[in-house]
There are 2 protein chains.
Amino acid sequence: MAVGKKSARRRSRCPLNATLEAFGDGWSLLIVRDLMFKGRTMFKDFLDGEERIATNILADRLKKLEALGIIARERDASDARRVRYRLTEKGLDLAPVLVEMIVWGARYEDTDAPPRTIRCMTEDRDRFIAEIRKRWAAGERGAVRSSPKSTS
Amino acid sequence: MAVGKKSARRRSRCPLNATLEAFGDGWSLLIVRDLMFKGRTMFKDFLDGEERIATNILADRLKKLEALGIIARERDASDARRVRYRLTEKGLDLAPVLVEMIVWGARYEDTDAPPRTIRCMTEDRDRFIAEIRKRWAAGERGAVRSSPKSTS
DNA sequence: CCGGATCCGTTTCGATACTG
DNA sequence: CAGTATCGAAACGGATCCGG
């Protein structure tokens with residue numbers, strides 16, 4: 001299915017389709033995860049992820065996510081060479097989706113996620129999501145540390 | 001990213017990756033949606049969906065979803081020609097993911113989802129998901145009708 | 001008719017090399 | 001650091017064919 005835009009199939013206005021259009025391609029969602037949980041903000045940060053995304057794919061997906069208003073791109077104030085990406089409100093609202101996907105994956109696919117984090121996500125889901133927002137609002141863009149530990 | 005299996009990237013055991021492996025390709029999730037919300041159970045039912053999936057792609061995805069234990073395939077007792085697909089427990093557990101994706105899509109992408117359904121999903125999320133399970137357990141495989149109306 | 005399998009042109013992906 | 005350019009490999013998807 002890919003991520004193409006001229007595909008004739010894309011006419012359905014099912015909300016699930018709208019979501020798949022945004023990140024049904026696999027890479028986009030990983031980028032959002034990196035931003036949301038891992039404190040990655042720069043082009044190079046994403047490249048260093050364990051999934052080894054190629055530079056051209058990364059550039060393409062960043063562009064698409066920006067066009068969709070899920071992330072925003074801005075030059076670093078202190079160092080003009082650097083570019084920082086951040087989640088917009090729309091992007092932050094993907095937190096519940098991410099959380100449910102992570103929980104499902106952890107339940108069925110034998111992953112390396114810390115059970116503590118998963119428990120936190122399931123037993124206190126709403127608070128967990130609220131904290132993601134809070135941390136973001138506070139401008140603390142570092143990796144998740146306190147109660148929800150590295151979501152890897 | 002597609003759905004390929006020999007990709008070198010697939011080594012991360014991040015639970016999100018596990019989930020993306022399952023249905024990060026776009027079509028798979030639509031099939032699950034058809035099963036979960038639209039009462040579609042047969043090969044032809046999926047073909048008739050508004051997204052116009054090709055027969056070869058459909059066959060491939062059904063096989064993959066079955067291999068992953070998300071759906072199960074069985075011949076109809078009354079008519080040996082027919083094949084019925086159904087969600088397994090693992091597949092039913094995708095309900096929260098689907099719901100969050102639908103809610104997000106409906107909030108941001110101007111879809112044709114009935115506001116009533118969306119409200120039901122957000123304001124009474126847990127009950128909504130519980131009802132999906134209940135309906136399924138009761139053997140009522142028809143399209144969703146009562147409180148959550150056509151999810152399109 | 002139902003549930004696919006096969007063929008085949010087109011599109012997209014993705015690894016590497018290269019550039020500002 | 002933050003991307004383009006290139007190019008072979010893979011996936012898509014429409015049409016058609018086939019066994020039951």
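The values are calculated or read from the model by the stated rules, or taken from the named source; none is laboratory data. This one's a predicted model, so the numbers in the text were calculated from it and none came from an experiment. Here the Cβ positions follow ideal geometry from the backbone for every residue, glycine too, while neighbour counts run over all protein chains shown.
In this structure, is A:ILE57 within 13 Å of DNA strand C (Cβ to nearest atom) and either closer than 21 Å to A:ILE129 by Cα or assigned to a loop (DSSP other than H, G, I, E, B) (or both)? Judged against the criteria, A:ILE57 is not a match. Of the conditions (1) at pLDDT 95 or above; (2) of a type in the set (Ser, Thr, Tyr); (3) surrounded by fewer than 16 Cβ atoms within 10 Å (Cβ to Cβ), B:THR41 clears all except one; give me its number. Only one criterion in (1) at pLDDT 95 or above; (2) of a type in the set (Ser, Thr, Tyr); (3) surrounded by fewer than 16 Cβ atoms within 10 Å (Cβ to Cβ) is unmet by B:THR41, namely (3).
B:ARG107 fulfils the conditions (1) over 28 Å from B:ALA137 (Cα atoms); (2) part of a helix (DSSP H, G or I); (3) within 16 Å of DNA strand D (Cβ to nearest atom) except for a single criterion, (3).
Could you please find all residues in the stretch B:60-74 being of a type in the set (A, V, I, L, M, F, W, C), more than 8 Å from DNA strand C (Cβ to nearest atom) and part of a helix (DSSP H, G or I)? So that I can check it myself, show each step before the final result.
The initial filter retains those residues of the stretch B:60-74 that are of a type in the set (A, V, I, L, M, F, W, C), namely B:62, B:65, B:67-68, B:70-72.
Still in the running and more than 8 Å from DNA strand C (Cβ to nearest atom): B:65, B:67-68, B:70-72.
Those that are of a type in the set (A, V, I, L, M, F, W, C), more than 8 Å from DNA strand C (Cβ to nearest atom) and part of a helix (DSSP H, G or I): B:LEU65, B:ALA67.
Looking at the stretch B:24-34, can you tell me whether even one residue there is assigned to a loop (DSSP other than H, G, I, E, B), under 24 Å from B:ARG127 (Cβ atoms), touching a Gly at 6+ places or on another chain (Cβ under 7 Å) and not assigned by TED's automatic domain parsing to the domain that holds B:ALA138? Checked the stretch B:24-34: no residue is assigned to a loop (DSSP other than H, G, I, E, B), under 24 Å from B:ARG127 (Cβ atoms), touching a Gly at 6+ places or on another chain (Cβ under 7 Å) and not assigned by TED's automatic domain parsing to the domain that holds B:ALA138. Within the stretch B:7-16, is even one residue at the interface with another protein chain (Cβ under 9 Å from one of its Cβ atoms), part of a loop (DSSP other than H, G, I, E, B), within 12 Å of DNA strand C (Cβ to nearest atom) and aliphatic (A, V, I, L, M)? The answer is yes; a qualifying residue exists. Looking only at the stretch B:65-73, decide whether some residue is over 14 Å from the mean Cα position of the chain (by Cα) and closer than 28 Å to A:PHE46 by Cα. No, there is no match, as no residue in the stretch B:65-73 is over 14 Å from the mean Cα position of the chain (by Cα) and closer than 28 Å to A:PHE46 by Cα.
Taking the stretch B:18-29, which residues are at negative phi and at the interface with another protein chain (Cβ under 7 Å from one of its Cβ atoms)? Within the stretch B:18-29, B:ALA18, B:THR19, B:LEU20, B:GLY24, B:ASP25, B:TRP27, B:LEU29 meet the criteria.
B:VAL99 - would you say it is more than 13 Å from B:PHE37 (Cβ to Cβ) and either free of Cβ contacts under 8 Å to residues at least 60 places away in the same chain or facing chain A (nearest Cβ under 9 Å) (or both)? Break it down stepwise before answering.
Numbers: more than 13 Å from B:PHE37 (Cβ to Cβ): no; either free of Cβ contacts under 8 Å to residues at least 60 places away in the same chain or facing chain A (nearest Cβ under 9 Å) (or both): yes.
For B:VAL99, the condition - more than 13 Å from B:PHE37 (Cβ to Cβ) and either free of Cβ contacts under 8 Å to residues at least 60 places away in the same chain or facing chain A (nearest Cβ under 9 Å) (or both) - is not met.
Suppose the filter is within 25 Å of A:ALA67 (Cβ to Cβ), facing chain A (nearest Cβ under 9 Å) and away from DNA strand D (no atom under 16 Å from the Cβ); does B:GLU51 pass it? When the stated conditions are applied, B:GLU51 does not pass them.
Among the residues of the stretch B:53-76, is any touching an Asp or Glu at 6+ places or on another chain (Cβ under 6 Å) and surrounded by fewer than 14 Cβ atoms within 10 Å (Cβ to Cβ)? Show your work before the answer.
Residues of the stretch B:53-76 that are touching an Asp or Glu at 6+ places or on another chain (Cβ under 6 Å), as a first pass: B:73.
Narrowing further to those that are surrounded by fewer than 14 Cβ atoms within 10 Å (Cβ to Cβ): B:73.
Scanning the stretch B:53-76 turns up at least one residue that is touching an Asp or Glu at 6+ places or on another chain (Cβ under 6 Å) and surrounded by fewer than 14 Cβ atoms within 10 Å (Cβ to Cβ).
Given the condition aromatic (Phe, Trp, Tyr), outside the structural domain of B:ALA18 (by TED's automatic domain parsing), at pLDDT 95 or above and farther than 21 Å from A:LYS90 by Cα, answer yes or no: does some residue in the stretch B:128-150 qualify? Don't jump to the end; show me each part of the working.
Start the filter on the stretch B:128-150 by keeping residues that are aromatic (Phe, Trp, Tyr), which leaves B:128, B:136.
Pick out the ones that are also outside the structural domain of B:ALA18 (by TED's automatic domain parsing) and you get B:128, B:136.
Right, trim to at pLDDT 95 or above and you get B:128.
Applying the additional criterion that residues be farther than 21 Å from A:LYS90 by Cα yields B:128.
Among the residues of the stretch B:128-150, at least one is aromatic (Phe, Trp, Tyr), outside the structural domain of B:ALA18 (by TED's automatic domain parsing), at pLDDT 95 or above and farther than 21 Å from A:LYS90 by Cα, which makes the answer yes.
The set of residues in the stretch B:68-96 that are without any contact (Cβ under 8 Å) to a residue 40 or more places away in the chain and within 13 Å of chain A (Cβ to nearest Cβ) comprises B:GLY69, B:THR88, B:GLU89, B:LYS90, B:ASP93, B:PRO96. Within the stretch B:75-89, the residues that satisfy the criterion of being modelled with pLDDT of 95 or more and either of a type in the set (Gly, Ala, Ser) or within 9 Å of DNA strand C (Cβ to nearest atom) (or both) are B:VAL83, B:ARG84, B:TYR85.
Taking the stretch B:114-134 as the range and being assigned to a loop (DSSP other than H, G, I, E, B) and touching a Lys or Arg at 6+ places or on another chain (Cβ under 8 Å) as the test, only B:PRO114 passes.
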